[in-house]
Amino acid sequence: MELVHTISELKDAVSNARKANLTIGLVPTMGALHAGHASLIHRSIGENDVTVVSVFVNPTQFNDKTDLANYPRTLEADCQLIEETESEVEASIAVTRTVVVFAPSVQEIYPEPDTRQFSYPPTDSVMEGARRPGHFNGVCQIVSRLFEMSDPDRAYFGEKDFQQIAVIRAMMHDQGFNFQLVPCPIVREESGLAMSSRNTVLTEKERETATAISQILFQSQELSKSLSVTEVQKHVVDALNDVEGLEVEYFEIVDATSLLPVNNWSDAEHIQGCITVYCGQRPVRLIDNINYR
Ligand code: PAF
């Protein structure tokens with residue numbers, strides 16, 4: 001594993017890979033890596049000669065300054081997890097791969113403010129987009145730059161951020177990025193709680209309380225076989241709001257492609273339930289989603 005901090009070092013590694021006809025996988029992250037990220041990195045190392053893992057807490061996607069300041073920064077531990085994952089994959093496929101960790105400073109990425117505007121309604125204006133103004137614009141700013149710098153054949157994103165994947169797909173189409181976006185399944189703790197960097201700030205009691213989110217979502221998958229969309233939606237919201245320490249911000253049952261709400265189970269081929277819940281005193285904002293059809 002090689003750790004680089006500048007765009008020119010990253011571009012050198014990418015250009016060497018291209019000259020040698022090697023394939024490149026990109027795993028964009030904001031660090032504080034956990035088993036969910038490890039699954040993306042694992043997959044990229046298995047599928048590409050060279051994997052670029054970016055570790056960058058992108059200021060332009062935070063609409064809350066305290067959230068940005070408090071975001072965990074753990075580069076040493078992140079590199080350790082990446083190295084362990086690399087060794088694991090290399091041992092299982094008996095081939096040596098190249099892994100480049102790109103951990104730039106804010107100045108390196110944004111020497112000038114990025115004034116580009118990305119707008120993909122309704123994908124970026126519903127759910128998270130409606131509640132976190134500017135968030136997806138910031139995501140598109142950094143992801144488009146990472147795509148340009150690392151020139152990947154494949155880019156890997158976790159399905160926990162279901163809406164983010166839809167927005168990035170729209171951005172790729174709009175900006176002419178013509179490579180494969182690889183969505184990777186949510187990795188859950190044994191309790192069912194979706195892995196998230198934010199889980200580290202939950203107290204033990206809050207972490208236990210938060211397990212209700214996935215439990216009730218899984219229960220709703222069963223209920224969706226007999227109840228209507230409206231009944232399932234009400235069940236999830238009421239059941240979670242009944243748990244002390246949890247408060248649902250939104251739970252929407254949507255067409256998995258357009259992200260617009262559905263009224264009936266027959267309204268779309270793929271239907272997803274997307275939820276954001278506040279947990280505990282601070283509170284910590286947790287997201288999750290579940291597939292119904
Ligand atoms: O999902 C994330 O961690 C971030 O939104 C991403 C894609 C790395 C962009 O900063």
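Since every read-out is calculated from the coordinates, none of them should be taken as a lab result. Quick caveat: nothing in here was measured; it's all calculated off a predicted structure. A quick note on method: Cβ atoms are made from the backbone with ideal geometry, for glycine too, and the neighbour counts reach across all protein chains shown.
Observations, loosely collected:
- In summary, the convex hull built on the alpha carbon positions of the chain has an orientation-averaged projected area of 15.5 nm².
- Using the average count of surrounding beta-carbon atoms within 10 Å as a protection proxy, the listed peptides 266-276, 88-98, 21-31 rank, highest first, as 21-31, 266-276, 88-98.
- Length gained on full extension, N291 to S15, computed as 0.36 nm times the residue gap minus the Cα-Cα distance: 95.4 nm.
- Two-decimal Rg/Rh across the stretch 1-66, once Rg and the Kirkwood Rh are taken from alpha-carbon atoms: 1.03
- Largest mean-square fluctuation among P113, P152, P185, in a Gaussian network model of the chain whose springs join Cα atoms under 10 Å apart, belongs to P113.
- The aspartates and glutamates whose alpha-carbon is closer than 13 Å to the alpha-carbon of K205, local same-chain residues fewer than 8 away aside, are E244.
- CD proxy at 222 nm, helix term only [per DSSP H run n ≥ 4: -39500 (n - 2.57); per residue of the chain; nearest 500]: -13000 deg cm²/dmol
- Whole-Å semi-axes of the ellipsoid equivalent to the stretch 199-293 (Cα gyration tensor, √5λ, descending): 25, 13, 10
- For the cross-link pairs K65/K234; K160/K234; K19/K160, the ones whose C-alpha atoms lie over 30 Å apart are K65/K234; K19/K160.
- Shown here for the stretch 154-192: GluC sites (Glu not before Pro) in loop regions (DSSP other than H, G, I, E, B) with at most 16 other Cβ atoms within 10 Å, namely E190.
- Burial ranking of peptide ranges 101-109, 165-173 (average Cβ count within 10 Å, highest at the top): 165-173, 101-109
- Bins of 10 Å from zero: percent of alpha-carbon pairs in the stretch 112-151: 29, 49, 21, 1
- Note on the stretch 1-132: percent of Cα-Cα distances in each 5 Å bin, starting at 0 and stopping at the bin with the largest distance, equals 2, 9, 17, 19, 18, 15, 11, 6, 2, 0.
- Alpha carbon centroid spacing (whole Å) that separates the stretch 59-75 from the stretch 101-129: 13
- Over the C-alpha atoms of the stretch 104-237, the Rg to Rh ratio, Rh being the Kirkwood estimate, stands at 1.03.
- Of the residues D124, D78, D64, the one that moves most in a GNM of the chain with alpha-carbon contacts below 10 Å is D64.
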